[in-house]
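Structure first, commentary second.
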Amino acid sequence: MDMADERLDPVIARCEQGLRRLLHSASGDVFIYACNGHGAWEAVIANLVSPGQRVLVPGTGHFSDSWALQCTAMGVEALRTTWTEGLPIDPDAVEQMLREDTEHTIVAVFAVHTDTASGVSSDMSALRRAIDNARHPALFVVDVVASLGAAPFAMDALGVNVVLGASQKGLMCPPGLGFAVADERAFAVSESVTTPRYYWDWRVRKSPLAYRKFCGTPPQNLVFGLQAALQLIFEEGLDQVMQRHSLLAAAVHAAVQCWSAGGAVGFFATDAQARSTSVTAIQVATGIDVDALRTVARERFQVAIAGGLGSLQGRVFRIGHLGDVNAPMVLGCLGGVQAAMQVQNIAFGAGALDAAADCLARA
Ligand SMILES: *Cc1c(COP(=O)(O)O)cnc(C)c1O
């Protein structure tokens, strides 16, 4: 069981190297789990925070809410900053809360880069500055589940101690792999954390043996998939992948801008700078049945759009534009959504498809 497998080991090594390259991490320890994003959250909590300690989870909407709930369930106190709908994380609120923690009882800041429910991306360099300005030693931990592969991220340059992600969003894989990348300081912290853990334990997983790296049988099918996805990203070129995501997001935004002239739908993210390159959340006027719209889009026009999560249920629908997407897919999606809005008698402004095509043509 502990023997090296000359077919599998290089695949695992390429996944670890590829994730480091994607994250711009020179030497982080990569821990890959057979789990989803919630599993990666649990791994990070279990390795970094002892029961009774505190973390600060800046508000970004549904995903920061869920992560904080998971902290609480694991016996960790989760302090929050308030989230204003449509806006990114408020770095000043984070700085203030850290300044007030003069005893340094907060061991980590747990930040969501892109909140998939609101379509809002927060500025991680502003958050780094907030921590530095407060002269607070808290670890900086970032959830890049929804942004990795769709928005640039530089772990070392940002001074991020731990990053966590999952396979099924920008990384274009089926669900089933979660991962965490930890720098030296975070790994050292994990060595003194008292949380009982076994499956998640970085101390056990930091090993050259695949059987220990994965705490049992490696999920080979998923690891092969991740290797292929990383290869696609690097073959296209990291900069090109980022440009493609910005351009496709801009095309979607151009369409939503036109639709919003009709008064019934519009951007949920009021701060245009904070609109994510992964997903756009579109707010609907009261009385519009989001689920009915989604059903028409799916059943008549073969376009899958997402609904709202948490407090946004029934208030928004979402267009995803991350991962394996290109211009005709986005144009097809926008056409399908517009046709579905017409079927549902939802008022929308004219010219959305022309505006999206124009945006693509000008690039
Ligand atoms: C999807 C998502 C998660 C949770 O991932 P699951 O695989 O659904 O458990 C966590 N954080 C963010 C930002 C996400 O988008």
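For segment 332-347, name all the residues that are more than 19 Å from A249 (Cβ to Cβ) and either in a helix (DSSP H, G or I) or touching a residue at least 60 places away in the same chain (Cβ under 8 Å) (or both).
Hits for segment 332-347 are A339, A340, M341, Q342, V343, I346, A347.
Please find, among Q240, Q231, Q227, Q302, the residue that is over 27 Å from G335 (Cα atoms), surrounded by fewer than 14 Cβ atoms within 10 Å (Cβ to Cβ) and modelled with pLDDT of 95 or more. Before you say what the answer is, go through the steps one by one.
Numbers: Q240 fails: over 27 Å from G335 (Cα atoms); Q227 fails: surrounded by fewer than 14 Cβ atoms within 10 Å (Cβ to Cβ); Q302 fails: over 27 Å from G335 (Cα atoms).
Being over 27 Å from G335 (Cα atoms), surrounded by fewer than 14 Cβ atoms within 10 Å (Cβ to Cβ) and modelled with pLDDT of 95 or more holds for just one of Q240, Q231, Q227, Q302, which is Q231.
Looking at segment 100-116 only, could you name the residues that are outside any loop (DSSP other than H, G, I, E, B) and either within 11 Å of the ligand (Cβ to nearest atom) or buried (at least 24 other Cβ atoms within 10 Å of the Cβ) (or both)? First the steps, then the outcome.
First, pick out the residues of segment 100-116 that are outside any loop (DSSP other than H, G, I, E, B): 100, 106-112, 114-115.
Selection gives A108, V109, F110, A111, V112, T114, D115.
Just for segment 117-126: of the residues that are more than 11 Å from T277 (Cβ to Cβ) and not β-branched (V, I, T), which one is nearest to the ligand (Cβ to nearest atom)?
Going through segment 117-126, the residues more than 11 Å from T277 (Cβ to Cβ) turn out to be 117-118, 120, 122-126.
If we keep only those that are not β-branched (V, I, T) too, we end up with 117-118, 122-126.
Working: A117: 8, S118: 10, S122: 11, D123: 16, M124: 13, S125: 18, A126: 18 Å.
By that ranking, first place goes to A117.
State which residue is farthest from P175 (Cα to Cα) when the search covers only segment 58-67 and only residues that are within 13 Å of the ligand (Cβ to nearest atom) and small (G, A, S).
G61
So, in segment 31-44, exactly how many residues are hydrophobic (A, V, I, L, M, F, W, C) and closer than 19 Å to T114 by Cα?
Of segment 31-44, the ones hydrophobic (A, V, I, L, M, F, W, C) are 31-32, 34-35, 40-41, 43-44.
Now narrow it down to the ones that are closer than 19 Å to T114 by Cα: 40-41, 44.
Result for segment 31-44: 3.
Determine whether segment 159-170 contains at least one residue that is more than 16 Å from the ligand (Cβ to nearest atom), of a type in the set (A, V, I, L, M) and part of a strand (DSSP E or B). Please lay out each step first, then the result.
Residues of segment 159-170 that are more than 16 Å from the ligand (Cβ to nearest atom), as a first pass: 159, 161.
This time we only want the ones that are of a type in the set (A, V, I, L, M), so: none.
No, that holds for no residue.
Among the numbered criteria (1) touching a residue at least 40 places away in the same chain (Cβ under 8 Å); (2) more than 13 Å from the ligand (Cβ to nearest atom), which one does Y33 miss?
Of everything listed in (1) touching a residue at least 40 places away in the same chain (Cβ under 8 Å); (2) more than 13 Å from the ligand (Cβ to nearest atom), Y33 misses just condition (2).
For segment 5-17, does any single residue satisfy the condition of being within 16 Å of the ligand (Cβ to nearest atom), surrounded by 19 or more Cβ atoms within 10 Å (Cβ to Cβ) and either in contact (Cβ under 8 Å) with a residue 12 or more places away in the chain or more than 30 Å from Q283 (Cβ to Cβ) (or both)?
So the first thing to find is which residues in segment 5-17 are within 16 Å of the ligand (Cβ to nearest atom), and the list is none.
The answer is no, given that none of the residues of segment 5-17 is within 16 Å of the ligand (Cβ to nearest atom), surrounded by 19 or more Cβ atoms within 10 Å (Cβ to Cβ) and either in contact (Cβ under 8 Å) with a residue 12 or more places away in the chain or more than 30 Å from Q283 (Cβ to Cβ) (or both).
Would you say Q70 is more than 16 Å from the chain's Cα centre (by Cα) and within 12 Å of the ligand (Cβ to nearest atom)? Spell out how you get there, then give the answer.
Values: more than 16 Å from the chain's Cα centre (by Cα): yes; within 12 Å of the ligand (Cβ to nearest atom): yes.
The answer is yes for Q70.
What pairs can you find where one residue is in segment 268-296 and in the same structural domain as R318 (by TED's automatic domain parsing), the other is basic (K, R), and their Cβ atoms are less than 6 Å apart, with a gap of 6+ or different chains?
A269/R275; V279/R318; A281/R318
For G308, which of the numbered conditions (1) assigned to a helix (DSSP H, G or I); (2) in contact with a strand residue (DSSP E or B) (Cβ under 9 Å, 6 or more places away or on another chain) fails to hold?
Failed condition: (1).
Keeping to segment 310-329, report how many residues are at pLDDT 95 or above and under 24 Å from G86 (Cβ atoms). Before you say what the answer is, go through the steps one by one.
So the first thing to find is which residues in segment 310-329 are at pLDDT 95 or above, and the list is 312-329.
From the residues that got through so far, the ones that are under 24 Å from G86 (Cβ atoms) too are 312-322.
Qualifying residue count for the region: 11.
Please state which one of V94, V76, V44, V55 is aliphatic (A, V, I, L, M) and within 14 Å of the ligand (Cβ to nearest atom). Give the steps one after another, and end with the answer.
Working: V94 fails: within 14 Å of the ligand (Cβ to nearest atom); V76 fails: within 14 Å of the ligand (Cβ to nearest atom); V55 fails: within 14 Å of the ligand (Cβ to nearest atom).
That would be V44, the only listed residue that is aliphatic (A, V, I, L, M) and within 14 Å of the ligand (Cβ to nearest atom).
If I filter segment 240-261 for residues that are assigned to a loop (DSSP other than H, G, I, E, B) and over 22 Å from the mean Cα position of the chain (by Cα), do I get at least one hit? Write out each step before concluding.
First pass over segment 240-261, keeping only residues assigned to a loop (DSSP other than H, G, I, E, B): 261.
With the extra rule that they be over 22 Å from the mean Cα position of the chain (by Cα), the set shrinks to 261.
Taking every residue of segment 240-261 in turn, at least one turns out to be assigned to a loop (DSSP other than H, G, I, E, B) and over 22 Å from the mean Cα position of the chain (by Cα).
Quick one: would you say P175 is within 16 Å of the ligand (Cβ to nearest atom) and assigned by TED's automatic domain parsing to the domain that holds A34?
Numbers: within 16 Å of the ligand (Cβ to nearest atom): yes; assigned by TED's automatic domain parsing to the domain that holds A34: yes.
Against the criterion (within 16 Å of the ligand (Cβ to nearest atom) and assigned by TED's automatic domain parsing to the domain that holds A34), P175 qualifies.
Out of the residues in segment 178-206 that are under 30 Å from T277 (Cβ atoms) and more than 16 Å from the ligand (Cβ to nearest atom), which is surrounded by the fewest Cβ atoms within 10 Å (Cβ to Cβ)?
It comes out as R185.
Within segment 137-154, track down each residue that is buried (at least 19 other Cβ atoms within 10 Å of the Cβ) and more than 23 Å from G59 (Cβ to Cβ). Write out each step before concluding.
Step one: of segment 137-154, the residues buried (at least 19 other Cβ atoms within 10 Å of the Cβ) are 138-151, 153.
G149 - this is the single residue of segment 137-154 that is buried (at least 19 other Cβ atoms within 10 Å of the Cβ) and more than 23 Å from G59 (Cβ to Cβ).
Between a residue in segment 37-59 that is farther than 17 Å from V181 by Cβ and at pLDDT below 95 and any residue that is surrounded by fewer than 24 Cβ atoms within 10 Å (Cβ to Cβ) and of a type in the set (V, I, T), which pairs come within a Cβ distance under 6 Å, given they are 6 or more apart or on different chains?
none
The values are calculated or read from the model by the stated rules, or taken from the named source; none is laboratory data. It should be emphasised that the depicted structure is a prediction, and the values quoted were computed from it without experimental measurement. No Cβ is skipped: glycine too gets one built from the backbone with ideal geometry, and neighbour counts run over all protein chains shown.
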